[in-house]
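Written below as structure tokens is the structure these notes are about.
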Amino acid sequence: QRPLRRLLSCPGTVAADLRREEQSSGNAETGSEDRTPKKRFSELQNERREQAQRTVLIHCPNKINEKKFLKFLSQHGPINTHFFYESFGLYAVVEFCQKESVTSLQNITRTPSLGPEAAIPFKSRYFNLKLRNSVNQTSELSSIQCSNQSSPSSKKLYQLLCCAESVDDQLNTLLREFQLTEENTRLRYLTCSLIEDVAAAYFPDCAVRPFGSSVNSFGKLGCDLDMFLDLDEIGKFTAQKTSGNFLMEFQVKNVPSERVATQKILSVIGECLDQFGPGCVGVQRILNARCPLVRFSHQASGFQCDLTANNRIALKSSELLYMYGALDSRVRALVFSVRCWARAHSLTSSIPGAWITNFSLTMMVIFFLQRRSPPILPTLDYLKTLAELLLKEFFEYFGNFAFNKNSINIRQGREQNKPESSPLHIQNPFETSLNISKNVSQSQLQKFVDLARESAWILHQEGKDRPSPSSNQPWGLAALLLPSVTNNVPLSKKKKKPASERIKNLLDSIKSSGAENSIATNGR
Ligand code: CTP
Ligand code: MG
């Protein structure tokens, strides 16, 4: 618990702590539950990328003899690990120990003949497996154990949450159920690697790297796959090797700006994915956006993908979030709960628009954690209920935040005067002149504030009158995730705004009368 305790007791020093943490041990550490040192972000990324390059994706018949399947593939070399999953058919992800095995497998693979249609021959690492003598083999075929790639249904989630012992327990349950699994993570890196093969046809030595919630440890099962085409490594090493009086440079084409270069590159890669990319469908080239991108669905993995280029800064912000998430497991539990709460109330959406994004919400949670200041060492009891308190206080904090005049600045861990008039202003920590939530409208922000207040109220009531487990009544986090929080708040049944104001006033009065209380009891 050490890092978060520090984080809670000395606001504003997180960055310094992170730096110290990195310098002293060479990596960020996790909280008390998992004391094994975590790898550096870049190390982890490189390891996963290399792993993905030895991996293949195979569309299989619905029933298959697993043992024989693996035996067939091991003719090309030893297999390190494999798993199956379902997504409109049965798929296998097979990781060989050596990269050469993939080439060997590709060498015995044929291009299908399609009858009247014609195939564009493209040698990828995404295969289709067919049974030669399906009649003879049927007796040996069996159903396969599949790894789950989707988040739990709301029904299952409510059941799990209602069985939990405390809100703290609920937060951890939600995290466990929604976080990316090892298999899902592998599938994400593999998908990037398959796209990299297509891009490498134009740009050998390029890398396609995942960023955003796929890698920042805040990704929920089902979240999109953000990837960027990294061309920075091309021609880097060779330049250092040259000696003497001569210096060789590639003859290149010049364009007016970085942006134009990015647009041109993404335009051709988008075209390639559309024309030849196996399993890439619905390819859209959105090149006039602030950050030009190619959006497509990767059918076999089921991922909605956003490919950008020249976007190194976004990888940096993913690394920053990864480090915050690694400081203490409760950071992630809180972020997941807030994200799920926002999704349940349509504060966030998978469609771009005027709503708050998950990225903005995550920054708000981090900011909130930076601003907390119980200037005392918490007792053991206090630590136990900390996560529970944090969720309630997160809602209270932002239910009362002066969004009209203040900007959220996680670089300095403090609120600042807004430099412009957007309803919600969250400074981009790496490009400080940008507002990451410029898209958010006043009405969406108001909805967020109203829901935050009402949710704080529900959590405040929680504990006073928790229903018995047998009654099957949603309580705590389960109640917060119900389609309309307002249905659970008897006070707010009338008009929405006045109720929210009344709740704010109630919370304020509770807070001021509870101020000495919380010091005296030092956490319940
Ligand atoms: N990003 C950014 N500035 C923004 C929006 C996004 O720097 N205004 C970067 C962040 O690094 C973010 C990544 O782009 O993590 C991906 O954006 P997005 O997919 O919107 O957010 P995720 O964090 O991936 O969350 P989600 O699970 O909703 O996809
Ligand atoms: Mg994303």
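Points to keep in mind about this one:
- Tally of residues being within 16 Å of ligand 2 (Cβ to nearest atom) and open to solvent by 30 Å² or more (accessible area, probe 1.4 Å) across segment 354-373: 4
- Tally of residues being in a helix (DSSP H, G or I) and either free of Cβ contacts under 8 Å to residues at least 40 places away in the same chain or open to solvent by 20 Å² or more (accessible area, probe 1.4 Å) (or both) across segment 305-316: 4
- Arg295 being charged (D, E, K, R), open to solvent by 10 Å² or more (accessible area, probe 1.4 Å), free of Cβ contacts under 8 Å to residues at least 40 places away in the same chain and within 14 Å of ligand 1 (Cβ to nearest atom): yes
- When segment 331-349 is filtered for residues that are open to solvent by 20 Å² or more (accessible area, probe 1.4 Å) and more than 16 Å from the chain's Cα centre (by Cα), the ones remaining, listed by number, are Ala344, Ser346.
- Filter pass, Ser318 being touching a strand residue (DSSP E or B) at 6+ places or on another chain (Cβ under 9 Å), within 16 Å of ligand 1 (Cβ to nearest atom) and farther than 26 Å from Phe430 by Cα: no
- Residues of segment 190-216 that are within 13 Å of ligand 2 (Cβ to nearest atom) and of a type outside the set (A, V, I, L, M, F, W, C): Pro210, Gly212, Ser213, Ser214, Asn216.
- From Arg125, Arg186, Arg110, residue being within 23 Å of Gly325 (Cα to Cα) and modelled with pLDDT of 90 or more: Arg186
- Only one of Ser433, Ser441 that is under 18 Å from Ser317 (Cα atoms) and surrounded by fewer than 22 Cβ atoms within 10 Å (Cβ to Cβ): Ser433
- Those residues of segment 139-170 which are in a helix (DSSP H, G or I), over 17 Å from Ala344 (Cβ atoms) and open to solvent by less than 50 Å² (accessible area, probe 1.4 Å), in sequence order: Asp168
- Odd one out for Ile376, checked against (1) β-branched (Val, Ile, Thr); (2) surrounded by fewer than 20 Cβ atoms within 10 Å (Cβ to Cβ); (3) modelled with pLDDT of 95 or more: (3)
- Going through (1) modelled with pLDDT under 95; (2) in contact with an Asp or Glu (Cβ under 6 Å, 6 or more places away or on another chain) one by one, Asp226 falls short only on (1).
- Residue check, Ile458 of a type in the set (A, V, I, L, M, F, W, C) and free of Cβ contacts under 8 Å to residues at least 60 places away in the same chain: yes
- Residue in segment 181-198 that is within 16 Å of ligand 1 (Cβ to nearest atom), under 27 Å from the mean Cα position of the chain (by Cα) and more than 19 Å from Phe303 (Cβ to Cβ) present: no
- Only listed residue being acidic (Asp, Glu) and closer than 30 Å to Leu391 by Cα, chosen from Asp274, Asp328: Asp328
- Residues of segment 100-127 that turn out to be open to solvent by less than 100 Å² (accessible area, probe 1.4 Å) and not in a loop (DSSP other than H, G, I, E, B), as a count: 8
The values are calculated or read from the model by the stated rules, or taken from the named source; none is laboratory data. Note that the structure is a prediction, hence the values are computed from the model and not measured. Cβ sites come from the backbone with ideal geometry, for glycine too, and all protein chains shown count toward neighbours. With ligands, DNA and RNA removed, areas are computed over all heavy atoms of the protein, side chains included. Shrake-Rupley method; radii C 1.70, N 1.55, O 1.52, S 1.80 Å.
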